[in-house]
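Have a look at the structure below, then the notes.
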Amino acid sequence: QVQLVESGGGLVQPGGSLRLSCAASGSIFSPNAMGWYRQAPGKQRELVAMISSGGITNYADSVKGRFTISRDNVKNTVYLQMNSMKTEDTAVYCCKREWGSVITWGQGTQVTVSS
């Protein structure tokens, strides 16, 4: 089994930056895709960004140009650099890993954007 451990959430002011990390451990097989979803209170979970083993990325329109996803395949870790943050970015951010039809989710980390 694969375990995902997220870190880097917290409180940031509008316009600020945060960097999330998600480390995978356990039975790691490639190729796989990793990334982030988020869920704000009262809203459905939505895609933020995903990245394949080969580095192909997919972003939600709402974060394009502000967020950057990257990964270190040696460390089995995916990162989400969040810049120019907005209050509407406030949510629980969950790491996701896809290996074929096998989906693994992290516990989630709270990100709050507020002055």
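The values are calculated or read from the model by the stated rules, or taken from the named source; none is laboratory data. Just so you know, these numbers come straight off a predicted model, no measurement behind them. As a convention, Cβ positions derive from the backbone with ideal geometry for all residues, glycine included, and neighbour counts pool all protein chains shown. Just so you know, the surface numbers come from the protein's heavy atoms only, side chains and all, with ligands and any DNA or RNA stripped out. Shrake-Rupley method; radii C 1.70, N 1.55, O 1.52, S 1.80 Å.
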Cα-based shape type of the stretch 29-90, given that a ≥ b ≥ c are square roots of the gyration tensor eigenvalues and the cut on a/c is 1.5: prolate
Accessible area (Å², per residue) of the chain, counting only protein heavy atoms and a probe of 1.4 Å: 53 Å²
Net charge over other residues, Cβ less than 12 angstrom from the Cβ of Y59 (K, R count +1; D, E count -1): 0
Cβ-isolated cysteines (cut-off 4.7 Å), the chain: C94
³J(HN,Hα), Karplus 6.51/-1.76/1.60, whole Hz, each residue of the stretch 55-62, x for Gly, Pro: x, 6, 10, 9, 10, 5, 4, 5
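When the accessible area of the stretch 1-46 is split by element with a 1.4 Å probe, what percent falls to carbon and sulfur? Before the final figure, lay out the partial values.
Details: 1310 of 2690 Å².
With neighbouring chains kept in place, the figure for the stretch 1-46 is 49 percent.
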